[in-house]
Amino acid sequence: MTKVSVIGATGYAGAELLSILIRHPQAKIAHITSESHTGKKISELYPHLRGLCDLTLESLADIDAIGKDSEFIFIALPHGHAMDVGLKLEKLPVRIIDLGADYRFTDTKIYESWYGVEHKHPNASRVYGLAEIYREDIRTAKIIGNAGCFTTASILALAPLVKHHLVDANSIIVDAASGVSGAGRGLKLGNHFPELYDNFKAYNVAKHRHTPEIEQALEDLGGERTVINFTPHLVPMSRGILATCYATLKDTVADEMIDASFQKMYGDEKFIRLLGRGGYPETKFVRGSNFCDIGWHVDDRTRRVIILSAIDNLVKGAAGQAVQNFNIAAGFDESTALDVVPMYP
């Protein structure tokens with residue numbers, strides 16, 4: 001059994017992570033932490049875990065002891081906090097999977113610019129944790145910066161076209177809508193039921209922090225500078241992301257070339273389900289699962305391709321992806337504990 005610990009276990013992503021790890025046959029949860037609920041059992045805060053995970057929440061004051069007693073540590077904290085943990089554990093052999101943003105960027109100056117905090121661990125050895133694209137790097141990584149939720153849906157939708165140079169990399173527009181759990185468990189007026197219900201809205205237009213993360217991955221894939229427009233939306237549901245991505249096709253690109261690019265890149269991927277040209281992914285069909293459903297359409301009139309992708313933001317967009325990365329890094333079958341049927345209806 002591989003000993004794992006979860007730092008920040010009481011947020012939605014942390015709780016989802018525990019739900020997956022307790023059914024993982026090769027993982028033993030050693031420690032879970034929370035600064036606001038230290039001393040309480042996790043099942044007191046999340047009764048759905050009662051009898052399945054009744055561990056007591058510890059404090060980060062014991063991080064050195066936790067690090068020494070763990071082979072992997074998952075960090076499910078808001079940005080700006082994981083780097084403190086990473087620094088304290090730097091000399092220990094424990095490996096880190098950060099569900100936040102602190103270790104996602106190759107250039108920490110970009111992180112500092114978009115997140116407004118100084119990066120305290122800029123020289124950390126880390127890789128970007130999007131399994132379908134960076135699998136080989138993840139296998140041996142000391143620190144894995146788990147990809148964000150909007151970014152996972154968007155990058156996976158666009159990757160084949162950018163990698164095979166079928167689209168103008170600077171024509172890309174992404175509109176993506178997320179369920180409210182993506183905003184975390186903290187109380188916010190905009191997430192209050194009367195404000196959210198029966199409503200649909202955009203937010204952080206032209207300034208959402210997932211923008212440079214998408215650009216970074218697309219630049220890696222295409223080998224050229226990429227600038228996109230990304231607009232997030234909030235929908236009155238608890239889970240799910242639907243990303244609608246637009247890009248201008250290059251002059252010589254035929255429809256069959258688009259189809260072939262998706263099949264070549266994802267044909268053997270366990271967690272990507274290709275609905276093909278004309279397909280319409282829906283959030284309900286991936287709910288509670290680690291799947292990403294992708295379909296695409298070609299607008300001959302405008303010479304644009306429109307790619308649709310759907311994920312569960314708490315699973316493939318957070319905890320499920322973290323466990324997928326853990327499986328790769330630990331040498332387990334990649335689908336261990338993740339091979340579940342989506343919840344329906």
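Do we find that residue 128 is without any contact (Cβ under 8 Å) to a residue 24 or more places away in the chain, closer than 28 Å to residue 309 by Cβ and among the aromatic types (Phe, Trp, Tyr) in this structure? Taking the combined requirement at face value, the residue does not satisfy it. With respect to the conditions (1) more than 23 Å from residue 183 (Cβ to Cβ); (2) part of a loop (DSSP other than H, G, I, E, B), residue 73 falls short on a single one, namely (2).
Under the condition of being over 21 Å from residue 71 (Cβ atoms) and either part of a loop (DSSP other than H, G, I, E, B) or not assigned by TED's automatic domain parsing to the domain that holds residue 8 (or both), the residues counted in the range 93-127 number 12. Would you check which residues across the range 116-144 are more than 15 Å from residue 86 (Cα to Cα) and surrounded by fewer than 18 Cβ atoms within 10 Å (Cβ to Cβ) and list them? 116, 117, 135, 136, 137, 139, 140 - these are the residues of the range 116-144 that are more than 15 Å from residue 86 (Cα to Cα) and surrounded by fewer than 18 Cβ atoms within 10 Å (Cβ to Cβ).
Does residue 64 satisfy the criteria of being farther than 17 Å from residue 12 by Cα, in the same structural domain as residue 13 (by TED's automatic domain parsing), in contact with a Lys or Arg (Cβ under 8 Å, 6 or more places away or on another chain) and surrounded by fewer than 17 Cβ atoms within 10 Å (Cβ to Cβ)?
Considered against the rule, which asks whether it is farther than 17 Å from residue 12 by Cα, in the same structural domain as residue 13 (by TED's automatic domain parsing), in contact with a Lys or Arg (Cβ under 8 Å, 6 or more places away or on another chain) and surrounded by fewer than 17 Cβ atoms within 10 Å (Cβ to Cβ), residue 64 comes out as yes.
Within the range 260-278, residues that are in contact (Cβ under 8 Å) with a residue 12 or more places away in the chain and closer than 16 Å to residue 152 by Cα reach partners that are part of a strand (DSSP E or B) and not hydrophobic (A, V, I, L, M, F, W, C) with beta carbons closer than 6 Å, at six or more positions or on different chains, in the pairs 273/293.
Counting only residues that are of a type in the set (Val, Ile, Thr) and either modelled with pLDDT under 95 or assigned to a strand (DSSP E or B) (or both), which one in the range 1-54 is surrounded by the fewest Cβ atoms within 10 Å (Cβ to Cβ)? Please lay out each step first, then the result.
We begin by selecting, within the range 1-54, every residue of a type in the set (Val, Ile, Thr); these are 2, 4, 6-7, 10, 20, 22, 29, 32-33, 38, 42.
After this cut, where a residue has to be either modelled with pLDDT under 95 or assigned to a strand (DSSP E or B) (or both) as well, the list is 2, 4, 6-7, 29, 32-33.
Numbers: 2: 16, 4: 26, 6: 32, 7: 28, 29: 21, 32: 27, 33: 26.
Looking at the filtered set, the residue picked out is 2.
Inclusion of residue 255 among residues that are farther than 23 Å from residue 134 by Cα, modelled with pLDDT of 95 or more, over 21 Å from the mean Cα position of the chain (by Cα) and surrounded by fewer than 22 Cβ atoms within 10 Å (Cβ to Cβ) is warranted. Here residue 60 meets the list (1) among the aliphatic types (A, V, I, L, M); (2) within 24 Å of residue 185 (Cα to Cα); (3) modelled with pLDDT of 95 or more almost entirely, failing just condition (3). Considering the range 142-252, the qualifying strands (runs of 3 or more DSSP E), each wholly inside and each with 1 or more residues that are more than 20 Å from the chain's Cα centre (by Cα) and within 24 Å of residue 300 (Cβ to Cβ), run over 241-248.
Anything in the range 254-284 that is among the hydroxyl-bearing types (Ser, Thr, Tyr) and either part of a helix (DSSP H, G or I) or under 14 Å from residue 298 (Cβ atoms) (or both)? List them, or say none. Step through it out loud before you land on a result.
From the range 254-284, those among the hydroxyl-bearing types (Ser, Thr, Tyr) are 261, 266, 280, 283; that's our starting set.
The answer is 261, 266, 283.
Residues of the range 290-329 that are crowded, with 22+ Cβ neighbours inside 10 Å, part of a strand (DSSP E or B) and charged (D, E, K, R): 293 alone.
Looking at residue 287, is it part of a strand (DSSP E or B), farther than 24 Å from residue 110 by Cα and modelled with pLDDT of 95 or more? Taking the combined requirement at face value, the residue does not satisfy it.
Residue 4 meets each of the listed conditions (1) touching a residue at least 60 places away in the same chain (Cβ under 8 Å); (2) farther than 24 Å from residue 340 by Cα; (3) β-branched (Val, Ile, Thr) apart from (2). For the range 16-52, the tally of residues that are under 22 Å from residue 329 (Cβ atoms) and not polar (S, T, N, Q) stands at 15. Can you confirm whether residue 84 is assigned to a helix (DSSP H, G or I), without any contact (Cβ under 8 Å) to a residue 24 or more places away in the chain, at negative phi and surrounded by fewer than 24 Cβ atoms within 10 Å (Cβ to Cβ)? Answer is no for this residue.
The values are calculated or read from the model by the stated rules, or taken from the named source; none is laboratory data. None of the values given here were measured: they were computed from a predicted structure. Glycine gets a Cβ as well: all are built from the backbone with ideal geometry, and neighbour counts include every protein chain shown.
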